[in-house]
Amino acid sequence: MLRFLTAGESHGPSLTLILEGFPAGMPLDIQDLAADLGRRQTGAGSGDRMKIEDDGARITGGVLAGHTTGAPVAITIPNKDFISWEKKVIDPMSIPRPGHADLAAALKYGYPDLRLGLERSSARETAARVAIGAICRKLLLRYGISIGSYISQIASVRANFTGKTLEERIRQAEESAARCPDPEATRKILQAIDIAANAGDTLGGVIELAALNVPPGLGSHVHWDRRLSSRLAQALMSIPAIKAMEIGEGAGFVSGSGSTSHDGIKLQDGRLERTSNHAGGLEGGISNGEPILVRLVMKPIATTRIGSPSVNLISGESAVSRYERSDVCPGPRAAVVGEAMMAIVLAGALLEKLGGDTVSEMDQRWFQMRTGRLENMEVRDEPTVFWP
Ligand code: EPS
């Protein structure tokens, strides 16, 4: 089983991560992590902390002679900002920010200073997930499976992708400061972010994720926690500030009917193909060979300069929540975190499907996998006696 743990506080010395269950034999070095770590740090709406951090990761276990060994992969990402927090004496934080973990975490853990909760609930931790995601992405790419993302909406600005393939959207998103493959929408989003920043406010958005060339057969219908859909939901809904998730047509399914909502099956040159992809590549909790499509809704984050109505937990008096340095619109950065979480889930499901302790064992099984060809099916024209 592929699993990971992260540790570390937003303003502590470093983030620490361990990825366990990764196969041996995959070439891996720090450069493989750098691109995604860098992508997570850019994008309109990012806060000033990103000017301080360089998210340089160090691999400290599980990789020898440039290859994974099957041992836990351990990584450290230093927090450069730590130098300004070490030995710092700060007044206690006593006014919880509505929408942040401040109050709920203090109720749960009895913190004497709300900062003790903030430090771990901060989205700083997502840098660790992106590093792990980058390792998983490399494994997926070995089998041609790629993952991309783009922003389809920020606040009330909706992008228009008419006529653009998923590949084009993903590629063009990389060229947009808002990670949005619609230049006109990008312009409006940048304007909206400026206005929100000047007003001391924040903005939410919609992130779309796509996994391409996913083979059929990842996940399983046989048990609730093996469904790929539920595994993706847990992973993606765990990203800070994500409040809703849709697969494929998602909420749009409600206006269709059973006969019009699904993806017809046709035989084309011996291949079982689909006439559409409303299901977002998942049927019965199993990948069906179509691109996996997920939409995430991110709320406007809770830390605003304007502040929100709250209570000072020391005096008991009404108070306005105080500002902590933060992003204005983390959507474009969170898209990269979404890709990472999707990569981790898909790599885990692929490993289960292919088995093996080494990537070369996985390679052998990959070539034996049932594909979407009719000749691979084992359905027979024979009666079945249930419960003989
Ligand atoms: C965050 C607040 C800000 C963000 C941080 C998430 O941190 P700081 O208070 O140090 O400026 O920059 O995100 C990151 C540090 C990061 O690497 O993404 C929060 O409260 O969630």
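Every read-out reported here was derived from the displayed coordinates using simple, explicitly stated rules and does not represent laboratory data. Predicted model only: the values in this text are computed from it and were never measured. Ideal geometry is used to build each Cβ from the backbone, glycine not excepted, and the neighbour counts take in all protein chains shown.
Annotation: peptides 144-156, 61-73, ranked by per-residue average of other Cβ atoms within 10 Å with the highest first, follow the order 144-156, 61-73.
Checking understanding here: applying a Kyte-Doolittle mean of at least 0.0 and a length along the axis of at least 20 Å (C-alpha), which whole DSSP H helices in the chain pass? Qualifying helices: 126-142, 183-199, 331-354. Using the Cβ-Cβ distance between Asp81 and Ala34 with R0 = 25 Å, the FRET efficiency computed as 1/(1 + (r/R0)^6) comes to roughly 0.80.
One way to sum up the overall shape of the chain is the equivalent ellipsoid from its Cα gyration tensor, whose semi-axes run 39, 26, 20 Å, largest first. Of the cross-linked pairs Lys138/Lys188; Lys80/Lys138; Lys138/Lys353; Lys108/Lys243; Lys164/Lys188, which ones have a Cα-Cα span greater than 23 Å in the structure shown? From Lys138/Lys188; Lys80/Lys138; Lys138/Lys353; Lys108/Lys243; Lys164/Lys188, over 23 Å: Lys138/Lys188; Lys80/Lys138. Shape class of the range 161-217 from the Cα gyration tensor (axes a ≥ b ≥ c, square roots of the eigenvalues): prolate, since a/c reaches 1.5 or more and a/b is larger than b/c.
Taking a ≥ b ≥ c as the square roots of the eigenvalues of the alpha carbon gyration tensor, the range 267-338 is prolate, as a/c is not under 1.5 and a/b beats b/c.
So how far, in whole Å, is the C-alpha centre of the range 252-313 from the one of the range 177-225? Cα centroid to Cα centroid, the span is 12 Å. When peptides 100-111, 309-320 are sorted by average Cβ neighbour count within 10 Å, with the highest value leading, the order is 100-111, 309-320.
Rounded, prolate or oblate: which fits the range 35-184 when a ≥ b ≥ c are the square roots of the eigenvalues of the alpha-carbon gyration tensor, with rounded for a/c under 1.5 and prolate only if a/b beats b/c? Oblate shape, in that a/c is at least 1.5 and b/c is the bigger or equal ratio.
Dividing the mean sequence gap of close Cα pairs (under 8 Å, 6+ apart) by how many residues the chain holds gives a relative contact order of 22 percent.
Over 21 Å apart: what share of the alpha carbon pairs of the range 112-233 falls there, rounded to a whole percent? Summing the P(r) of the range 112-233 above 21 Å gives 58 percent of all pairs. Relative contact order, whole percent, for the range 133-211 stands at 37, derived from Cα pairs under 8 Å and 6 or more residues apart.
If contacts are Cα pairs under 8 angstrom and at least 6 residues apart, what is the relative contact order of the range 38-93 in percent? In percent, rounded to a whole number, it is 29.
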